[in-house]
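J.: Handing you a structure now.
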Amino acid sequence: QLQIQQFCQKTVHKMAERGTPYVGVLYAGMMLTPNGPYVLEFNCRFGDPETQVVLPLLETDLYEVFIACCDGTLDQIDVRFTENTSAATVV
């Protein structure tokens, strides 16, 4: 989990360094390999199937998160997810 989080943080920090700071939902499509996690894709849309998997685990009010993104105050709220798992099937 920590290694996956570090991948995402590195990406967001690098975008800010390049003058294109990212605010919003960044979904990392990852594959676990014998050599560790591998990034398949980064996705910034908030659509299916990502939403179906992530939203049930969100404990923080989604409206509060959206407003903080718009106001530039995301660092001032505590975005929390439940310690659980979720899955979606795409047919």
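J.: With every protein chain left in place and a probe of 1.4 Å, what is the accessible surface of Asp48, to the nearest 10 Å²?
T.: About 90 Å², ignoring ligands and nucleic acids.
J.: Going through segment 8-54, which trypsin sites (Lys or Arg not before Pro) have at most 16 other Cβ atoms within 10 Å and a DSSP loop state?
T.: Values: sites: Lys10, Lys14, Arg18, Arg45; in loops: Arg18, Arg45.
Loop-located and lightly packed - Arg18, Arg45.
J.: Counting only heavy atoms of protein chains, what accessible area per residue, in Å², does the chain have with a probe of 1.4 Å? Kindly include the intermediate steps, with their values, before the conclusion.
T.: On the way: 7070 Å² over 91 residues.
On a per-residue basis, 78 Å².
J.: Heavy atoms only, probe 1.4 Å: what % of the accessible area of segment 1-41 goes to carbon and sulfur, would you let me know?
T.: Numbers: 1820 of 3300 Å².
The nonpolar share, carbon plus sulfur, comes to 55 percent.
J.: Taking the radius of gyration and the Kirkwood hydrodynamic radius from Cα positions alone, what is the Rg/Rh ratio for the chain, to two decimal places? Each step should come with its number before you reach the end.
T.: Working: Rg = 14.1 Å, Rh = 14.7 Å.
Over the Cα atoms of the chain, Rg/Rh equals 0.96.
J.: Taking the alpha-carbon centroid of each part, what is the distance from segment 52-71 to segment 3-49 in angstrom?
T.: 18
J.: Please work out how much accessible surface Val90 shows to a 1.4 Å probe, ignoring ligands, DNA and RNA, in Å² rounded to 10.
T.: The accessible area comes out at roughly 110 Å².
J.: With runs of 4+ DSSP H residues as the only contributors, calculate the mean residue ellipticity of the chain at 222 nm using -39,500 (n - 2.57) per run, divided by the residue total and rounded to the nearest 500. Working shown, then result.
T.: Values: 3 runs with 31 residues, N = 91.
Helices in the chain give a 222 nm mean residue ellipticity of -10000 deg cm²/dmol.
J.: Taking amide H positions as placed in the peptide plane 1.01 Å from N, state which residues far from Met30 in sequence (5 or more) or on other chains have amide H under 5 Å from it.
T.: Leu40
J.: How much solvent-accessible surface does Leu32 expose, in Å² to the nearest 10, with a 1.4 Å probe and all protein chains in place?
T.: Its heavy atoms expose roughly 140 Å² to the probe.
J.: Sticking with the crude label model, points 7 Å out along Cα→Cβ, report the distance from Asp48 to Phe66 in nm, one decimal please.
T.: According to this spin-label approximation, the distance is 1.9 nm.
J.: Looking at the chain, identify the longest residue range that excludes and avoids all GluC sites (Glu not before Pro) in DSSP loops having at most 13 other Cβ atoms within 10 Å. Write out the running numbers ahead of the final one.
T.: Details: sites that count: Glu59, Glu83.
Counting at most 13 other Cβ atoms within 10 Å as exposed, the longest clean stretch of the chain is 1-58.
The values are calculated or read from the model by the stated rules, or taken from the named source; none is laboratory data. Everything numeric here is computed off the predicted structure, so don't read it as measured data. Please note: Cβ atoms are built from the backbone with ideal geometry, for glycine as well, and neighbour counts cover all protein chains shown. Side chains are part of the model used for accessible areas, which takes the heavy atoms of the whole protein and leaves out ligands, DNA and RNA. Shrake-Rupley method; radii C 1.70, N 1.55, O 1.52, S 1.80 Å.
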